[in-house]
1. How many residues are outside any helix (DSSP H, G or I), of a type outside the set (Gly, Ala, Ser) and modelled with pLDDT of 90 or more if we restrict to region 14-44?
2. Condition (residue is at pLDDT below 80 and in contact with a Leu (Cβ under 8 Å, 6 or more places away or on another chain)) applied to region 106-129: is it met by at least one residue?
3. Is there any pair linking a residue in region 156-179 that is free of Cβ contacts under 8 Å to residues at least 24 places away in the same chain and within 18 Å of Thr123 (Cα to Cα) to one that is assigned to a helix (DSSP H, G or I) and among the acidic types (Asp, Glu), with Cβ under 9 Å and at least six apart or on different chains, and which?
4. Name the single residue, out of those in region 46-79 being modelled with pLDDT under 85 and of a type in the set (A, V, I, L, M), that is surrounded by the most Cβ atoms within 10 Å (Cβ to Cβ).
5. Being over 18 Å from the mean Cα position of the chain (by Cα) and among the hydrophobic types (A, V, I, L, M, F, W, C) is the filter; apply it to region 18-45 and report the residue that is surrounded by the fewest Cβ atoms within 10 Å (Cβ to Cβ).
6. Which one is modelled with the highest pLDDT, of the residues in region 130-145 that are in contact with a Ser or Thr (Cβ under 7 Å, 6 or more places away or on another chain) and aliphatic (A, V, I, L, M)?
7. Anything in region 152-164 that is surrounded by fewer than 17 Cβ atoms within 10 Å (Cβ to Cβ) and of a type outside the set (A, V, I, L, M)? List them, or say none.
Amino acid sequence: MSADSFTASLAPVAVALGASWASGLNPYAAVLILGGAQAFGFVTLPADLQALGSPWVMGVAGLLFALNFFADKIPFVDSVNDMLHTIVRIPAGALLAYGAADQLGPETAILAGLLGGTLAAGTHIAKTGSRALINTSPEPFSNIAASLTTDGLVFGGLVLSILHPIAFLCILAAFVVGLLWLLPKLVRLALLPFRLAGRRPQG
């Protein structure tokens with residue numbers, strides 16, 4: 001197998017995992033980026049994901065992205081927003097991974113969906129925990145900077161998964177190793193705002 005053929009065979013895997021990873025951070029941004037790339041002809045997505053380029057899908061995703069964009073910049077509101085999005089980010093990661101890998105066969109698609117949901121859960125916990133830690137600072141600027149950085153990571157990660165799948169998969173592997181080490185700490189951080197709220201005296 002040539003190097004180009006090997007890279008091409010990894011492209012659907014990279015897109016599937018990239019979409020899942022990005023969904024754990026911001027599923028609406030993931031849909032907008034992938035859908036925009038499809039709609040403007042920058043990439044041909046797998047058949048089951050081509051609907052992301054629909055104006056209706058992108059319009060709804062854009063509206064939800066705007067609402068999430070502002071909520072994610074407000075200290076403590078962002079933590080509540082993160083907790084509520086547990087029911088959105090993880091299933092979205094699983095569905096996007098399933099759709100990206102469906103062309104490889106039903107068994108592969110199911111495995112991709114399971115891995116995608118797990119990966120989305122990991123990035124979701126990483127984001128929620130790190131933002132809870134940042135919220136311990138009284139000033140809002142670090143919170144805003146962290147939110148903008150997350151949006152930039154989603155864009156950069158998805159572009160890399162499309163253009164350079166091997167590089168993306170290597171970086172993703174390193175992320176997963178680091179996440180496994182950090183996971184217990186991140187879970188405690190994700191719950192920190194709610195523990196603090198429970199300790200406040202009732203007035």
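The values are calculated or read from the model by the stated rules, or taken from the named source; none is laboratory data. None of these values were measured; they are calculated from a predicted model. Here the Cβ is made from the backbone with ideal geometry for all residues, glycine too, and neighbour counts use every protein chain on show.
1. Within region 14-44, residues that are outside any helix (DSSP H, G or I), of a type outside the set (Gly, Ala, Ser) and modelled with pLDDT of 90 or more number 2.
2. The answer is yes; a qualifying residue exists.
3. none
4. Here the residue is Ile74.
5. Per the criteria, the residue is Phe40.
6. For region 130-145, the residue satisfying everything is Ile134.
7. Correct list: Gly152, Phe155, Gly156, His164.
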